[in-house]
1. I want to confirm something. Restricting to segment 269-300 and keeping residues that are part of a helix (DSSP H, G or I) and of a type in the set (A, V, I, L, M), which single residue is surrounded by the most Cβ atoms within 10 Å (Cβ to Cβ)?
2. Just name the residue that is nearest to VAL238 (Cα to Cα) out of those in segment 381-400 that are outside any helix (DSSP H, G or I) and more than 16 Å from ligand 2 (Cβ to nearest atom).
3. Is it true that SER235 is under 28 Å from ASP168 (Cα atoms) and either crowded, with 16+ Cβ neighbours inside 10 Å or at pLDDT 95 or above (or both)?
4. Can you name the residue in segment 203-218 that is of a type in the set (A, V, I, L, M, F, W, C) and within 16 Å of the chain's Cα centre (by Cα) and, of all such residues, is farthest from GLY353 (Cα to Cα)?
5. Given the options GLU164, GLU177, name the one that is within 16 Å of ligand 2 (Cβ to nearest atom), modelled with pLDDT under 95 and in the same structural domain as PHE242 (by TED's automatic domain parsing).
6. Residue by residue through segment 380-425, note down the ones that are at pLDDT below 95 and over 26 Å from GLU231 (Cα atoms).
7. Take the residues in segment 367-380 that are surrounded by fewer than 18 Cβ atoms within 10 Å (Cβ to Cβ) and closer than 21 Å to ALA193 by Cβ, then tell me which one is farthest from ligand 2 (Cβ to nearest atom).
8. Restricting attention to segment 322-349, and to residues there that are away from ligand 1 (no atom under 11 Å from the Cβ) and within 17 Å of GLU240 (Cα to Cα), which single residue is surrounded by the most Cβ atoms within 10 Å (Cβ to Cβ)?
Amino acid sequence: MKTIMIHEMADHVGETVRIGAWLANKRSSGKIAFLQLRDGSGFVQGVVVKEVVGEDIFKTARGISQESSLYITGEVVVDERSSFGYELQVSDVEIIREAVDYPITPKNHGTEFLMDNRHLWLRSRKQHAVMKVRDEIIRATYEFFHMNGFVKVDPPILTGSSPEGTSDLFETNYFDEKAYLSQSGQLYMEAAAMALGKVFSFGPTFRAEKSSTRRHLIEFWMIEPEMAFVEHAESLEVQEQFVTHIVQSVLENCSLELERLGRDVSKLEKIQAPFPRISYDDAIEFLHEKGFDDIQWGDDFGAPHETAIAESYDMPVFITHYPIGIKPFYMQPHPDRDDVVLCADLIAPEGYGEIIGGSERIYDYELMKQRIKEHNLDEEAYKWYLDLSKYGAVPHSGFGLGLERTVAWISGVEHVRETNPFPRLLNRLYP
Ligand code: 4AD
Ligand code: MG
């Protein structure tokens with residue numbers, strides 16, 4: 001007899017198979033027991049009928065406690081009532097290990113309790129679905145960039161530089177030197193783009209930000225493409241095509257998960273490039289018209305501002321050309337204005353906030369030197385970076401997409417803490 005995984009059941013209808021599984025939940029009467037089984041690849045119902053299996057097996061099945069590990073044997077049958085489409089008519093049950101007093105029961109638990117038990121909470125249907133969506137986004141990301149001629153490059157995690165400002169760095173000792181955990185691989189990706197043309201990275205980044213909002217993690221994963229000979233406008237086109245590709249891939253390959261998450265897929269189905277663009281200037285004017293008196297030209301947007309802007313579209317929206325004073329040192333100035341830079345943030349719909357930050361980069365050596373000075377950055381640490389504008393500099397652009405915020409938006413979960421398997425949050429390093 002074959003041991004198979006739940007996701008393979010469609011190919012085994014009418015056969016008797018064995019699966020390794022955990023008991024997620026169960027209900028039973030005197031004659032029949034319904035076991036909700038999961039094996040990581042999916043969820044399936046096992047039906048145990050006393051008359052079929054006999055007294056002993058039925059008693060075993062009825063007595064299985066939540067999260068006990070099992071080998072279950074049965075016939076795969078079509079079940080049109082379940083969205084999975086199949087169930088298992090159980091003929092034998094073997095308990096591998098019993099789980100006693102599993103802490104997460106089907107009742108409601110508070111968030112703190114669930115976060116303390118994140119290592120177990122991951123087993124739940126909802127968390128399982130979110131992790132599958134995350135995996136699909138990762139898969140589709142590699143697919144998109146490899147399809148479009150990008151090379152994957154891995155920037156270092158231990159660095160001597162701080163591309164996004166010096167205020168939220170994790171400092172550590174690097175033998176006799178100071179080092180920081182990477183807050184963005186961008187500067188290294190710029191060097192890589194000058195060697196390989198179009199590159200992308202995908203790795204963990206760290207921000208010692210004292211923020212505890214639904215959008216902030218201390219450690220998050222970022223996808224950072226960088227493109228030589230690509231100017232601002234073309235970079236936006238790559239971004240909207242990339243985001244369209246990942247949304248459409250999730251719709252195609254995660255329909256069961258989106259259903260389990262209760263996601264309104266009609267909102268995702270609309271996501272198609274091109275995305276609308278609004279300038280920072282117009283966004284400020286729009287906010288004033290909407291009655292936001294708390295923001296002036298030159299201020300950065302807060303979450304309520306971003307949400308108000310996003311609400312006027314059913315598509316992600318680019319806010320372009322931010323004031324130079326609120327953006328990092330490396331952004332290319334506007335050719336006709338010295339107060340704004342060639343950049344854009346992509347704001348997701350439904351209140352999920354900024355999912356991409358990107359820009360064209362400065363490639364003039366003198367200007368780059370001046371900007372590094374103005375930002376009080378240590379010129380010694382940026383000597384190698386300055387070499388990029390010294391030797392054969394070209395116009396180039398890039399961006400960073402935050403994986404967890406994107407997973408939150410596409411899955412429709414409220415908080416980014418559910419989009420990373422073991423989220424690092426303000427005041428939370430456990431488990
Ligand atoms: O806008 P950010 O800070 O941009 C950069 O780091 C650039 N160097 C990227 C580049 O051009 N290569 O971050 C990019 C994205 C944000 O839009 C957001 O999605 C995500 O990273 N992000 C966070 N996600 C979760 N928690 C945080 N604390 C985040 N900070 C940024
Ligand atoms: Mg940003």
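1. ALA283
2. Of all residues in segment 381-400, those outside any helix (DSSP H, G or I) come to 381-382, 391-400.
Adding the requirement that they be more than 16 Å from ligand 2 (Cβ to nearest atom) leaves 381-382, 391-396.
Values: ALA381: 31, TYR382: 28, TYR391: 26, GLY392: 24, ALA393: 22, VAL394: 18, PRO395: 16, HIS396: 13 Å.
So the residue we want is HIS396.
3. yes
4. Of segment 203-218, the ones of a type in the set (A, V, I, L, M, F, W, C) are 206, 208, 217-218.
Narrowing the set further to residues that are within 16 Å of the chain's Cα centre (by Cα) leaves 206, 217-218.
Working: PHE206: 19, LEU217: 14, ILE218: 17 Å.
Taking the candidates together, the pick is PHE206.
5. Details: GLU177 fails: within 16 Å of ligand 2 (Cβ to nearest atom).
After applying the criteria, what remains is GLU164.
6. Passing the criteria: GLU380, ALA381.
7. In the first step, residues of segment 367-380 are kept if they are surrounded by fewer than 18 Cβ atoms within 10 Å (Cβ to Cβ); the result is 367, 369-370, 373-376, 378-380.
Narrowing the set further to residues that are closer than 21 Å to ALA193 by Cβ leaves 367, 369.
Values: LEU367: 22, LYS369: 24 Å.
By that ranking, first place goes to LYS369.
8. So, considering only residues that are away from ligand 1 (no atom under 11 Å from the Cβ) and within 17 Å of GLU240 (Cα to Cα), the one surrounded by the most Cβ atoms within 10 Å (Cβ to Cβ) is LEU342.
The values are calculated or read from the model by the stated rules, or taken from the named source; none is laboratory data. Every value quoted in this text rests on a predicted model; they were computed, and no experiment measured them. Note: ideal-geometry Cβ built from the backbone for every residue, glycine included; neighbour counts use all protein chains shown.
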